[in-house]
Structure formats: structure tokens, C-alpha cells
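Before any comments, here is the structure.
What follows is calculated from the coordinates using simple rules that are stated; it is not laboratory data. Please read all numbers here as calculations on a predicted model, not as lab measurements. All Cβ positions, glycine included, derive from the backbone under ideal geometry; neighbour counts span all protein chains shown.
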């Protein structure tokens, strides 16, 4: 059990676009498809609202164990282990929205859930497989996060509209600004506002010529928001035809 919670690589490795990476993405796609395929049945499920608390509980427990282990092992460092990564910020806000049933927050959190987790899902900074807790921590913080978001969209019918894209981008930029100022003050690199991770530069060396990662983050954020809206647009078009 101690080995499971260690930060060392296990017997099952994780490589970028390797079999486990592709399998993990496939599980996410399958889960989203099943939510959409059986959404009408799930809408009639008597415990469909209670799932909000289960999702929030799993996400909160995941982060509690993650940071608890860092503190217990004496390796917690505020330069890298504060919950100031965009995925973690979005995750905690989403937990709050789930528990309090704040549907109005979903109008912009929906896009946050893509802007943060989606790039991390496609380009994960991960080397260990499912025989290590870090793999599951990463999966819950990104893949499971998105699955819960789609549950709210398809089953709970939390609505998102095209007009929500711009306010979501503005709010995301406000978060970026606050984290950027924090990074400048404490010489940290949360949300990659200062430098891009080494594994991304190894995959795409040409990005090293960009002196400001913020521009790349903006482009990735806008692209993620437009991709996120495609799911909403498809659902609205379908309902318009049915009506």
C-alpha cells in the first residue's frame, strides 16, 4: 500500500500517446457517450440529483489525499503544490457548484472544465500507470472532472448558451491575471504563465521560440471553449429538430 502512494514510477508505465494514455482517453470518450446515450433514462433515475454529492465527494477526497500525502511525506512545497493550477481552481469551484446546486455557475464553469483539463488530458505530464495513486489523482482531476461536467449537461440539464463563452473567457483571464501576479511575486509557475513544461517542449520544440506562454494559453483556452460549445450546439440543434 505504501508503494501505491509513492511518487516513484511503478511496473506499469505511462508514456505520451502510449497504450495507457490512449486507453484513458478512450474510457473518457466511452463514459461521455454512455451518458449521452442513456441520458433520458438517467433523467428519470430517483437518485440523479444525489450524484452531485458523490461527484463532489470523490473530487474533494482525491485532492485531500493528494495534498495530505505531500504534507505527510514532508515534500509539500508552496512553489509547486498550491491548488493554483487552472484544473484545480476549476475543480474546487465545480465542487462548490455541485454541493450548493449553483446552476448559474455552470454557465462559465463548463468552459473552465475544458480550458484546463482538456490540454492536460491530451498532453499529460505523467509517467506512472494505474498501480500508483498519482495516476488516479490525475484521472479524477481531469477525466473524471469532465465526466461529471457532462453528467450535469446531459442528465441534470444544466444549461449553457453561446452568450456564455465571452463571460467565461473574461473570468478565465481574470484568474490568469491573479495567478500571474502571484507567480511574479513568489517566483512560481502556476498555470504555466512563465514557462511551458519540459514534456511539452520535448514534443513541440518550436514552442520554445515563444517568449510569452500566455499567448499560447489564450489560444488554447479559446480553442477549448469553441470545442466545448460544439457539444452544446449539437444538443440544442437536436432539441430544435425534435420540437
Revision key, fill the gap. Expressed as a whole-number percentage, the relative contact order of the chain with C-alpha contacts under 8 angstrom and at least six residues apart is 28 percent
Revision key, fill the gap. Checking 158, 19, 108 against a Gaussian network model of the chain (alpha-carbon springs below 10 Å), the top fluctuating residue turns out to be 19
Check your understanding: How far is helix 106-115 tilted off the main Cα axis of the chain, in degrees rounded to 10, range 0 to 90?
Key -> 40 degrees
Review point. What spacing in nm lies between the two simple spin-label points modelled at residue 204 and residue 67, each 7 Å away from Cα in the Cβ direction?
Key: 3.0 nm
Point to revise | Residue-averaged 222 nm ellipticity for the chain, from DSSP H runs of 4+ at -39500 (n - 2.57), nearest 500 | key: -20000 deg cm²/dmol
Review point. Arranged by the count of other C-beta atoms within 10 angstrom, fewest first, what order do 230, 6 take?
Key: 230, 6
**Study point:** Angle between the chain longest axis and helix 86-100 axis [Cα atoms, degrees, rounded to 10]
**Key:** 40 degrees
Check your understanding: By how many degrees, 0 to 90 and rounded to 10, does the Cα axis of helix 51-72 deviate from the longest principal axis of the chain?
Key -> 10 degrees
Point to revise | segment 18-50 residues near the modelled residue 230 label - backbone nitrogen below 19 Å, point 7 Å along Cα→Cβ | key: 22, 25-37
Point to revise | Cα extents of segment 54-130 along the three principal axes, largest first (Å) | key: 39, 27, 26
Check your understanding: How are the C-alpha pair distances of segment 1-53 spread across 10 Å bins, as whole percents from the shortest bin up?
Key -> 19, 27, 25, 25, 3
Check your understanding: For 100, 24, what's the fewest-to-most ordering of other Cβ within 10 Å of each Cβ?
Key -> 100, 24
Check your understanding: Once both labels are modelled 7 Å past Cα along the beta-carbon direction, what's the residue 215-residue 170 spacing in nm?
Key -> 2.6 nm
Review point. So for 85, 142, 199, fewest C-beta neighbours within 10 Å to most, what's the order?
Key: 199, 85, 142
Revision key, fill the gap. Volume per residue (Å³) of the convex hull spanned by the alpha carbons of segment 95-167 is 102 Å³
